[in-house]
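A short write-up of the structure that comes next.
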Amino acid sequence: MISSFSLIVIGGGITGLSVALRALDYGLAVTLIAKDRVEDTTSALSAGMIAPAMEALTEPQPDLSYARYVAAQKHWPVFAADLGLSEILEMAQPAVWVWSSEAGPSPDEMMARFTALGAKGQVMAEDDLARLGFQAPLQGIEIIGEWLMAAAPVLAFMKTQFEARGGRWIDAEVAQVAPRSVVLSDGRICEAGHVAVCAGYGAAAFAEAVPSLKALMPIKGHLLDREGRSDPALAGRMVRSPWGYWVFLDGLTKFGATMQAGRADAAVEPGVIDSLKDKARKFTPSTVAALEGVTPRVGVRAATPDHWPMIGRDASGVYVATGMRRNGWIYGPYAASVLTALITGQEPPEGAEAYAPQRF
């Protein structure tokens with residue numbers, strides 16, 4: 001007999017690992033199946049930003065986006081504390097929004113946009129902006145409460161924690177899914193009381209058995225990576241603008257990112273890279289070296305027609321947590337809270353109905 005206190009999670013990115021770890025906390029026996037190494041997931045390639053205000057500002061409904069992102073973000077502190085990652089959140093540097101005052105709003109007008117969302121911050125003085133390597137006509141605003149994770153190392157740490165706590169990790173590709181079993185590509189069958197698909201755009205491969213996954217669409221993204229230490233003034237910072245973003249991690253700087261809807265290939269496109277470099281030059285800090293030495297990266301995200309994630313139980317009986325678009329790092333622990341509540345018969349977090357897979 002299959003125990004109802006067992007779970008199979010498909011996907012080893014931030015969502016799958018979050019769900020798997022939280023399920024262990026609830027006493028479930030958890031098996032995680034991943035076809036990619038942790039460092040090769042789209043989650044690991046990403047910038048690792050948990051930044052509700054920065055994400056929401058450029059979206060069609062910024063107020064709604066900010067409210068939903070903040071509600072999801074609130075699940076991070078407890079999750080981080082359980083893993084011993086609280087220091088990353090507590091030591092987070094303010095995020096910086098940079099733009100040109102020549103063709104854009106005044107600093108007071110831009111600050112008013114953030115304040116209208118509910119975000120907290122302040123206009124940066126000229127000297128403070130210069131310390132980060134930015135000069136006029138660029139202007140800057142610092143926003144507090146936005147967090148940055150070193151994506152690949154944090155995911156590797158989460159995998160280590162998962163296995164140390166008794167989770168079973170299987171490196172394999174899944175061929176078929178059902179509510180209580182999966183079939184691997186080599187023919188092996190794994191059974192559990194519940195199955196959760198948390199595999200990004202790879203989840204679309206299971207659309208025949210899990211109807212809501214038919215709604216998934218790919219978004220291809222290019223990023224630029226540069227290894228090497230950042231200027232101390234920039235370390236741990238995310239800097240966003242109308243042209244893209246910089247993140248300055250320990251030993252790694254990232255610039256990105258493109259969003260090519262409908263594309264699911266992993267080919268690096270030289271023309272796209274050239275365009276990305278042109279955007280980067282619009283607000284490259286003076287302390288950052290030239291862009292010739294960067295390494296292009298490509299990842300494929302999953303999106304839905306209404307741009308909001310699917311988090312819940314599909315009509316097939318399979319649980320899903322996918323379609324996060326560019327916000328997997330915001331939603332990971334929230335998705336874990338929703339799925340574990342549903343699996344264990346508890347009340348899911350308020351607002352979870354907005355992400356129900358049955359809406360497609």
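Principal axis extents of the C-alpha atoms in the range 58-184 (largest first, rounded to whole Å): 58, 31, 25.
3J(HN,Hα) along the range 189-204, derived from phi through the Karplus expression 6.51 cos²θ - 1.76 cosθ + 1.60 where θ = phi - 60°, amounts to 10, 10, 10, 7, x, 8, 10, 10, 9, 10, 10, x, 5, x, 5, 4 Hz, with x in place of Gly and Pro. Evaluating 6.51 cos²θ - 1.76 cosθ + 1.60 at θ = phi - 60° for every residue in the range 171-181, the Karplus couplings come out as 8, 6, 9, 8, 9, 9, 10, 8, x, 10, 6 Hz, glycine and proline recorded as x. Length, then width, then depth: along the principal axes, the Cα atoms of the chain run 68, 40, 37 Å. Given the pairs K254/K282; K35/K74; K35/K159; K74/K214; K120/K254, which are separated by over 18 angstrom at their Cα positions? Checking Cα-Cα distances, K35/K74; K74/K214; K120/K254 exceed 18 Å. Show that you can apply the helix-only estimate: for the chain, add -39,500 (n - 2.57) for every DSSP H stretch of four or more residues, divide by all residues, and state [θ] at 222 nm to the nearest 500. Here the helix-only value at 222 nm equals -8500 deg cm²/dmol. Ordering 122-131, 337-346 by mean Cβ neighbour count within 10 Å, with the highest value first, yields 337-346, 122-131.
3J(HN,Hα) along the range 278-288, derived from phi through the Karplus expression 6.51 cos²θ - 1.76 cosθ + 1.60 where θ = phi - 60°, amounts to 4, 5, 4, 5, 5, 8, 6, x, 4, 8, 8 Hz, with x in place of Gly and Pro. The alpha-carbon of K277 sits under 15 angstrom from the alpha-carbons of these aspartates and glutamates, leaving out residues fewer than 8 places away in its chain: D225, E269, E292. For the range 126-212, the average shadow cast by the Cα convex hull is 10.4 nm², which is a quarter of the hull's surface.
Once the other residues with Cβ under 11 Å from the Cβ of A280 are scored (Lys, Arg +1; Asp, Glu -1), what is the net sum? So the surrounding residues net to +4. In plain terms, the chain from L64 to M91 could stretch by 6.9 nm, reckoned as 0.36 nm per residue minus the Cα-Cα distance.
Most tightly packed first, judged by the mean number of other beta-carbon atoms within 10 Å of their residues, the peptides 108-118, 243-253 read 243-253, 108-118. Projected label points at A356 and A261, each 7 Å from Cα along the beta carbon direction, are separated by 2.6 nanometres. Averaging 1/r over every pair of different alpha carbons in the range 174-262 and inverting the result gives a Kirkwood radius of 16.3 Å.
Packing around the peptides 17-27, 320-330, 280-290, taken as the average count of other Cβ atoms within 10 Å per residue, puts them in this order, highest first: 320-330, 17-27, 280-290. Taking Cα centre as origin and charging only the Cβ of basic (Lys, Arg, +1) and acidic (Asp, Glu, -1) residues, the dipole magnitude of the chain rounds to 540 debye.
Note on D186 and D250: their simple-model spin labels are 3.5 nm apart, each label 7 Å out from Cα toward Cβ. The residues packed around P305, meaning those with a beta-carbon under 14 Å from its beta-carbon, carry a net charge of +2 if Lys and Arg are +1 and Asp and Glu are -1. Comparing I8, P77, A67 along the charge dipole axis of the range 1-150, the residue lying farthest to the positive side is I8, per the Cβ-charge model. Put simply, the range 236-360 fits an ellipsoid with semi-axes of 36, 17, 12 Å; these come from the alpha carbon gyration tensor as the roots of five times its eigenvalues, largest first. Rg and Dmax of the range 291-360, based on Cα coordinates, read 14.9, 54 Å. Straightening the chain between A136 and E208 buys 20.5 nm, computed as 0.36 nm per residue apart minus the Cα-Cα spacing. Net charge around L252, counting only other residues with Cβ within less than 14 Å of its Cβ (Lys, Arg = +1; Asp, Glu = -1)? Local charge sum for L252: 0.
Throughout, read-outs are computed from the coordinates displayed, never taken from laboratory work. Everything numeric in this text was worked out from a predicted model, so none of it was measured. Virtual Cβ from ideal backbone geometry, glycine too; neighbours counted across all protein chains shown.
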